[in-house]
1. Please compute, for peptide C:72-78, the average count of beta-carbon atoms on other protein chains lying within 10 Å of each residue's beta-carbon.
2. Amide H to amide H under 5 Å from C:GLY130: which residues, 5+ apart in sequence or cross-chain, H placed 1.01 Å off N in plane?
3. For the charge dipole of region B:15-209, defined by +1 on Lys and Arg C-beta atoms and -1 on Asp and Glu C-beta atoms about the Cα centroid, which residue among B:ALA206, B:SER194, B:MET76 has the Cα displaced farthest towards the positive pole?
4. In percent, how large is the relative contact order of region C:15-159, given Cα pairs closer than 8 Å and 6 or more residues apart?
5. Would you tell me the mean number of C-beta atoms belonging to other protein chains that fall within 10 Å of each C-beta in B:164-172, as a whole number?
6. So how do A:MET153, C:MET129, A:MET204 line up by other beta-carbon neighbours within 10 Å, fewest first?
7. When only Cα pairs under 8 Å and 6 or more residues apart are kept, what is the percent relative contact order across region A:156-201?
8. Report the FRET efficiency, 1/(1 + (r/R0)^6), for A:ASN132 and A:ILE193, where r is their Cβ-Cβ distance and R0 is 22 Å, rounded to 0.05.
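Please treat every number below as a calculation from the coordinates, not as lab data. Because the structure is predicted, anything quoted here is derived from the model rather than measured. Cβ coordinates were reconstructed from backbone atoms using ideal geometry, including for glycine residues, and neighbour counts include every protein chain displayed.
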Amino acid sequence: MPTIALDSNLITTFDPRSLIYLFDMIGIVACSISGTILAKHKNFDVFGCLLVSIVTAIGGGTVRDVILNRHPLFWMVDMNYLTVITISSLLMQIFFHPNSRRVDTFLKLSDTIGLSAFTLIGIKVADSMGTNVLVALLLGVITIIVGGIIRDMICNEIPLVLQQEIYITAALTGGILYFVLQNLGVSAWIADISAMATIFTLRMLAIRYDWQFPSIEWKY
Amino acid sequence: MPTIALDSNLITTFDPRSLIYLFDMIGIVACSISGTILAKHKNFDVFGCLLVSIVTAIGGGTVRDVILNRHPLFWMVDMNYLTVITISSLLMQIFFHPNSRRVDTFLKLSDTIGLSAFTLIGIKVADSMGTNVLVALLLGVITIIVGGIIRDMICNEIPLVLQQEIYITAALTGGILYFVLQNLGVSAWIADISAMATIFTLRMLAIRYDWQFPSIEWKY
Amino acid sequence: MPTIALDSNLITTFDPRSLIYLFDMIGIVACSISGTILAKHKNFDVFGCLLVSIVTAIGGGTVRDVILNRHPLFWMVDMNYLTVITISSLLMQIFFHPNSRRVDTFLKLSDTIGLSAFTLIGIKVADSMGTNVLVALLLGVITIIVGGIIRDMICNEIPLVLQQEIYITAALTGGILYFVLQNLGVSAWIADISAMATIFTLRMLAIRYDWQFPSIEWKY
């Protein structure tokens, strides 16, 4: 039996006691809940909602790792991912109303925390596999948006995330800052915190003040 | 030339003379025909229908194997898959009317046989790669539903399979039974047959009596 | 750090000074522009359009290589791909009107050049990994259509490419010719040129005279 496929020594992992891991899990909860809400609106059943939640939460990281040939996948060696997704999707299905103000506020905050963690994890993972900076930034963006895009494709919606410029812009800004600080020889944890704080702040400001990147218009 | 990529000794295969292989092929035919019917309704041409059939039939197993890093893919080493899909899609396009009662009855039966085989194969493959039980069950579910979901995404439909609870429920019930029997030390073939029979029976009863899992309602 | 994942000696590459590489890049530009146009019509922002362009241009090759377990991916070792896509998507967003006659004519020509190059590259790559002829032809088709299909799935459109029979037919005809010539012992470059010329000519004639494969009709 080729159990070598599950030898987890080959991959970079994150310390479960670290801040980035905590933020990652908060983002996983946000994705799980947003997946559940959209799936419920499409009349999916309990397992349908759960599957959409799983895809939303780990789809981006899975596509990134498949592109990088980084096996075994993170959620196959660390069962916290599937556990957290399942619990939060079921709790959401049972106890909360999707349009409640509390859920909405929680989602905005947790999604932004997740955005900062997912971006940084995506970039660090790509970097650890030896890609160049541009590919690492692209894989960071893939980590944050692919889960939501697959969710929207399954549910027959046009992905909102591709229309909200400050989402990807915030991620890229933080990502570039991370590489600049790394090149300047700053300690790893300072680069991590600075990148995540930048992404979090930019995105929260964009939500608060409804920022939009000046878009290029075609006249028809 | 890295032909090592096609060294099929590394992967678990199923004996072409076994019952599970026969049921697998029946499921492949069911997927191929259901893909062809939906694609025809969308005015796809001969090759368009064939490609949708291929995706429906082997999409789930392909995604499962890519997630597990199990190469080469089963349909690249065993040409029966592509051959059976091509023949059944072309025959369906030429000879049968999609709304005929006979096609409908055949599809219900063959799809359920396929459901039981696909689930068991997915679980056994994941298990042989050393995943834990929960991941194996998830990969079993991926094997049965991803092909149909991609078919529906291509054809711009909302996946019905995520709204039909007894489909995934039947698969999970059979999958759990398989692991219970395996742990009890029952012979492999008895565990296989029991799991497949359970899935088949549950799903057929669900179709016959229009069973639905009690779903969790949100009041709007 | 497992940088072995990016050891590019393991994969077949194409000489940047060759005709096939030039045609490949022309096809990449065509995909990038068609992705940008559709994304703009859906009101995606600058980065949204860029991401759809990237998926359209390298999605097919990426899925082919993931299926073949051919790592690292071509666009991670050769930065020309992402560079050309980014420049052409941005230029299109800034300078051109999507409905202009000039863009339309350029797209028809460049897309057909790309079709011939993508098919040949897909087939040669699959062949170099040791697949049989049928699988190689299927992977050639995957190389040409999957990018456009994912673009259409993201943008919530039904893939036109699955309704335009001469597209895939032209690719398959050229692909079969390539294998016939190869078996006859013809020099590699003659087989390449003949296959690409056949695909290009068939597709251009099909556009010019609005050819359609006789399709199999169901009466409802």
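1. Partner Cβ neighbours, averaged per residue: 4.
2. Here nothing satisfies the definition.
3. B:ALA206
4. 36
5. Mean partner-chain Cβ count within 10 Å for B:164-172: 3.
6. A:MET204, A:MET153, C:MET129
7. Value for region A:156-201: 41 percent.
8. After rounding, the FRET efficiency stands at 0.35.
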